[in-house]
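The values are calculated or read from the model by the stated rules, or taken from the named source; none is laboratory data. If you're wondering where the values come from, they're calculated on a predicted model, not measured in any experiment. Virtual Cβ from ideal backbone geometry, glycine too; neighbours counted across all protein chains shown.
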Amino acid sequence: MTKTVRILGIDPGSRITGYGVVDLEGRTITYVASGCIRTPSGSHIDRLYSIGCGVRELLDLYSPGEAAVEQVFVSKNAGSALKLGQARAAAICRILDDLKSRDIYEYAPRAIKQATVGFGGASKEQVQHMMKQMLKLSGSLSEDAANALAVAVCHANSRGLKSRLQAAAELAQ
């Protein structure tokens, strides 16, 4: 019997942090939930605190076994890149604090797009479209939620590939 693994995907942002939750059973990926943690206007410290609280709520509500987070996108604006890195760190620290195991994974934006759309330079609209198609979703899906679902799906696909490669290596011995 195949065990179901629940995966939380995070697309960090200092104003809007997207999240996506999927279940992986064998090779089947099933949509569970997605949305955004919207931080209040105010200080950057208050925003980071809101991200941590929002992620804690997601962990309590969905009880993921693993989590995946998008790596920092290098920007021309150093200040924006630093704030994004801090938002990412707020999410990661909360996950590490609350997740029973240390099963958290990181993926580069190009790798996520390559794994989900088939093209590392895919647009946000292409990611949205592909997530709706892959997960059989109707209605609207925000860019941030779609990106977070893509992070979770990327991890689900990578996880499956790693386990199949490991099984093949064991058979070869």
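Points to keep in mind about this one:
- Criterion violated by GLY121 - all others in (1) over 16 Å from GLY18 (Cβ atoms); (2) modelled with pLDDT under 95; (3) in contact with a Phe, Trp or Tyr (Cβ under 8 Å, 6 or more places away or on another chain) satisfied: (3)
So that you can scan it fast, the table gives a plain yes or no per residue for (1) β-branched (Val, Ile, Thr); (2) touching an Asp or Glu at 6+ places or on another chain (Cβ under 8 Å):
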{"site": "ARG47", "(1), (2)": "no, no"}
{"site": "ARG56", "(1), (2)": "no, yes"}
{"site": "ASN77", "(1), (2)": "no, no"}
{"site": "ALA90", "(1), (2)": "no, no"}
{"site": "GLU106", "(1), (2)": "no, yes"}
{"site": "THR116", "(1), (2)": "yes, no"}
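- When residues of region 142-161 are limited to those that are at pLDDT 95 or above and among the polar types (S, T, N, Q), the one farthest from ALA108 (Cα to Cα): SER142
- The residues of region 24-45 that are without any contact (Cβ under 8 Å) to a residue 60 or more places away in the chain and within 22 Å of GLN86 (Cα to Cα), listed by number, are ILE37, ARG38, THR39, PRO40, SER41, GLY42, SER43, HIS44, ILE45.
- Residue in region 149-161 that is touching a residue at least 40 places away in the same chain (Cβ under 8 Å), of a type in the set (Gly, Ala, Ser) and not in a helix (DSSP H, G or I) present: no
- Of the residues in region 59-72, at least one is loosely packed, with under 14 Cβ neighbours inside 10 Å, out of contact with any helix residue (DSSP H, G or I) (no Cβ under 9 Å at 6 or more places or on another chain) and of a type outside the set (Asp, Glu).
- Flag for ILE45 being surrounded by 17 or more Cβ atoms within 10 Å (Cβ to Cβ), assigned to a helix (DSSP H, G or I) and among the β-branched types (Val, Ile, Thr): no
- Positions within region 138-147 being more than 12 Å from TYR31 (Cβ to Cβ) and either part of a helix (DSSP H, G or I) or in contact with a helix residue (DSSP H, G or I) (Cβ under 6 Å, 6 or more places away or on another chain) (or both), in sequence order: GLU143, ASP144, ASN147
- Filter result for ILE112 (free of Cβ contacts under 8 Å to residues at least 60 places away in the same chain, within 18 Å of TYR19 (Cα to Cα) and touching a strand residue (DSSP E or B) at 6+ places or on another chain (Cβ under 8 Å)): yes
- LYS132 vs. criteria out of contact with any helix residue (DSSP H, G or I) (no Cβ under 7 Å at 6 or more places or on another chain), modelled with pLDDT of 95 or more and of a type in the set (Lys, Arg): yes
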